[in-house]
Amino acid sequence: MEFLDLPAHSQASGTVRLPGSKSISNRVLLLAALSEGVTEVYDLLDSDDTRHMLTALATLGVGVEDRGGNHWRIRGVGGTFPVKQAELFLGNAGTAFRPLTAALALSGGDYVLKGVARMHERPIGDLVDALRQLGAQIDYLGNPGFPPLHVHPARPAGDRARVRGNVSSQFLTGLLMALPLRRKATTVEVVGDLISRPYIGITLAMLRRFGVELAQDDWQTFTVAAGARYRSPGEIHVEGDASSASYFLAAGAIGGGPVRVEGVGSDSVQGDVRFADALALMGARIEMGPNWIEVRAPASGRLKAIDLDCNHIPDAAMTLAVAALFADGATTLTNIASWRVKETDRIAAMASELRKVGATVEEGADFIRVAPPEKLIPGAVIDTYDDHRMAMCLSLVSLGGVPVRINDPGCVAKTFPDYFRVFAGIAK
């Protein structure tokens, strides 16, 4: 197994320019593909997830042109993919698999969607059930409720679908992005609480950029008008990744700072930008502008433990679990059930790895409680579970003055291929 040995660090300071947001990048690519007209996409994230989406779109007949420097030209198909029969491999890219499933289910073609073994363990039944209510014809090729999938041309059906909101926001995102393809008024109702609501906020913001405004009622029903169709905005710039910002912001809070991240700030549409608020609750000193955030450690030098409902920052909350190693008591993070169905079972994985460095950890169905050790255990060998966020989060342990070995560091290619080089630039 490949590994990376991180030396002991005690400080962090500097400036980081963030890569593009994964969530925004793949939404923009699919919407540009479905639009009328040509879209110039700037600052697109270069990662495994976006490459899977780009390859799939090209296979489906979309004009995809690399213009260099993370600039791509997408020639939209006006809502109808030219290729009506294809097999797509989407790796472990949920931000590609779920929205493409919805779009293809309403596109009048015959498609097979597959991924890596872990993707075939990630649930998709709620999305399939909702699509079937809209006439989709989808077969499971393996275990019911999970990929791989065989999508057939849809049949006429009703104009209302219901989907659970407490498993993955990507199900609702996929549905909402596909609705204009039906060319008639359609309503989606969310059953129960909607988790990861900020990610739906990103979806709605991107839909507006491409000319579609959904009517919504308190995040419970969403309706698209009969005449809605996607139109290219001409050009669009992808924000920096707010989830990736969390590692460097936490480094500033742990390692003294100042650490400034550029690419997200007070004008961001991403919910994970509120990770800075969580650090402020822990005592970190925060400054923010429209497109930047800067963090310093607390004046006392040590973070404070917190109890926090993390529904508003589901991905960035993982970084708080590691920051808890440097706090003055036990930190409890709740409303994180979605961690269980991500690239790995992140609650179980995080608990296991934090125990390796000496933390006392309690986990439940939707919470984790982390009590720091008096001293971190040096030389821990961290497993990453083929999960980019596990690798990036646990790199912060080295800021406690202990060396750390990260197994399979290459998994960060999913969203941030240069992460360890950038981290080495601020860790002292």
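The values are calculated or read from the model by the stated rules, or taken from the named source; none is laboratory data. All values reported here derive from a predicted model rather than from experimental measurement. As a convention, Cβ positions derive from the backbone with ideal geometry for all residues, glycine included, and neighbour counts pool all protein chains shown. Quick note on the areas: whole protein, heavy atoms, side chains included, nothing else; ligands and nucleic acids left out. Shrake-Rupley method; radii C 1.70, N 1.55, O 1.52, S 1.80 Å.
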| remark: Filtering the stretch 184-217 for residues that are more than 16 Å from residue 268 (Cβ to Cβ), of a type in the set (Val, Ile, Thr), out of contact with any Pro (no Cβ under 8 Å at 6 or more places or on another chain) and surrounded by 17 or more Cβ atoms within 10 Å (Cβ to Cβ) leaves a count of 4
| Among the residues of the stretch 126-135, is any in contact with an Asp or Glu (Cβ under 9 Å, 6 or more places away or on another chain) and more than 26 Å from residue 340 (Cβ to Cβ)? | yes
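Looking at 105, 154, which one is small (Gly, Ala, Ser), surrounded by 23 or more Cβ atoms within 10 Å (Cβ to Cβ) and more than 17 Å from residue 49 (Cα to Cα)?
Details: 154 fails: surrounded by 23 or more Cβ atoms within 10 Å (Cβ to Cβ).
Residue meeting the stated conditions: 105.
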| task | Residues that are closer than 30 Å to residue 42 by Cα: find the strands (runs of 3 or more DSSP E) completely inside the stretch 64-164 holding 1 or more of those. | result | 71-75, 85-89, 110-114
| Among the numbered criteria (1) at pLDDT 95 or above; (2) more than 26 Å from residue 339 (Cβ to Cβ); (3) open to solvent by 30 Å² or more (accessible area, probe 1.4 Å), which single criterion is violated by residue 111? | (3)
| Name the residues in the stretch 64-76 that are in contact with a helix residue (DSSP H, G or I) (Cβ under 9 Å, 6 or more places away or on another chain), of a type outside the set (Lys, Arg) and surrounded by fewer than 20 Cβ atoms within 10 Å (Cβ to Cβ), would you? | 66
| Restricted to the stretch 327-339, and to residues that are among the polar types (S, T, N, Q) and touching a residue at least 60 places away in the same chain (Cβ under 8 Å), which residue is most open to solvent (accessible area, probe 1.4 Å)? | 335
| task | Return a yes/no flag: does the stretch 218-235 have any residue that is touching a strand residue (DSSP E or B) at 6+ places or on another chain (Cβ under 7 Å), buried (at least 16 other Cβ atoms within 10 Å of the Cβ) and of a type in the set (A, V, I, L, M). | result | yes
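May I ask you to verify whether residue 139 is over 20 Å from the mean Cα position of the chain (by Cα) and either surrounded by fewer than 15 Cβ atoms within 10 Å (Cβ to Cβ) or not aliphatic (A, V, I, L, M) (or both)?
Numbers: over 20 Å from the mean Cα position of the chain (by Cα): yes; either surrounded by fewer than 15 Cβ atoms within 10 Å (Cβ to Cβ) or not aliphatic (A, V, I, L, M) (or both): yes.
For residue 139, the condition - over 20 Å from the mean Cα position of the chain (by Cα) and either surrounded by fewer than 15 Cβ atoms within 10 Å (Cβ to Cβ) or not aliphatic (A, V, I, L, M) (or both) - is met.
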| request: For the stretch 370-421, name all the residues that are polar (S, T, N, Q), buried (at least 24 other Cβ atoms within 10 Å of the Cβ) and within 21 Å of residue 116 (Cα to Cα). | output: 384, 415
| Would you say residue 324 is touching a residue at least 24 places away in the same chain (Cβ under 8 Å), more than 29 Å from residue 14 (Cα to Cα) and outside any loop (DSSP other than H, G, I, E, B)? | no
| field | Those residues of the stretch 253-273 which are free of Cβ contacts under 8 Å to residues at least 40 places away in the same chain and either closer than 19 Å to residue 320 by Cα or of a type outside the set (D, E, K, R) (or both), in sequence order | value | 265, 266, 268, 273
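Output yes when any residue across the stretch 284-304 is at positive phi, at pLDDT 95 or above and surrounded by 18 or more Cβ atoms within 10 Å (Cβ to Cβ), and no when none is. Quick ask: steps written out before the conclusion?
Keep residues of the stretch 284-304 that are at positive phi, which gives 301.
Now restrict to residues that are at pLDDT 95 or above: none.
Scanning the stretch 284-304, I find no residue that is at positive phi, at pLDDT 95 or above and surrounded by 18 or more Cβ atoms within 10 Å (Cβ to Cβ), so the answer is no.
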